Amino acid sequence: MVSLEKPLKIDSMLKPAKIGLIVFLIAVVTILHYSTIHGKLGLHIPHRELYFIPILLASYWFGLSFGLVTSLTVSLIYAPHVFIHDSLKNNILPVSFQIVVFNMVAIMLGLMVEREKRRQEEVLIIEKLAVLGRAALAVGHEMKDLLGALKRIAGQVKGMNSAEVDRDFKWEVKLWLKVSKVRAQTSF
């Protein structure tokens, strides 16, 4: 069976780097966004859309809660420029809509990622149960063969003397060992 400890360990080692990248991206996009408020509308809008990158990464890597925290952080950073500059006060509706979209994207992707994680966990449990079932089946067959051999020996013992019983017992044991060896080679 494949162990999941190593990938989880690698993922936990990368977690601080991923968080650092998300924080760095938010900072860079914020600098770009706020530097283009006056007079560079052609750059201002694309810079605003760059906020989706850290939101998408956070939701994809960490799920709903971290994605939502990231989108709320971006919302808090993004919104104040409307209130700071008098010339932008009439843009409250588009800014509000953009904030709603930031958060909706984080929620939707976060929910999809968490649903996929749950599905993968369920598949892993099903695989483990299937392996356990195959092992129980193999043990059951071995027990059935052993009990059948003992039953035949007990039936034969009733009318035999001890020399015949010893000879038949040894023959049954050899037969059982051969059958077990063949099953072990052909199973799984």
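Structure above, values below:
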{"item": "Helices (runs of 4 or more DSSP H) lying entirely in the range 47-102 (those with 1 or more residues that are modelled with pLDDT of 85 or more and either surrounded by 18 or more Cβ atoms within 10 Å (Cβ to Cβ) or in contact with a strand residue (DSSP E or B) (Cβ under 6 Å, 6 or more places away or on another chain) (or both))", "result": "52-62, 64-78"}
{"item": "Filtered residues of the range 149-166 (kept if at pLDDT 70 or above and either surrounded by fewer than 11 Cβ atoms within 10 Å (Cβ to Cβ) or not in a helix (DSSP H, G or I) (or both))", "result": "151, 154, 155, 163"}
{"item": "Residue in the range 14-26 that is modelled with pLDDT under 90 and in the same structural domain as residue 106 (by TED's automatic domain parsing) present", "result": "yes"}
{"item": "Complete set of residues in the range 107-122 that are touching a residue at least 24 places away in the same chain (Cβ under 8 Å) and either among the basic types (Lys, Arg) or surrounded by fewer than 10 Cβ atoms within 10 Å (Cβ to Cβ) (or both)", "result": "117"}
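The values are calculated or read from the model by the stated rules, or taken from the named source; none is laboratory data. Computed from a predicted structure; not experimentally measured. All Cβ positions, glycine included, derive from the backbone under ideal geometry; neighbour counts span all protein chains shown.
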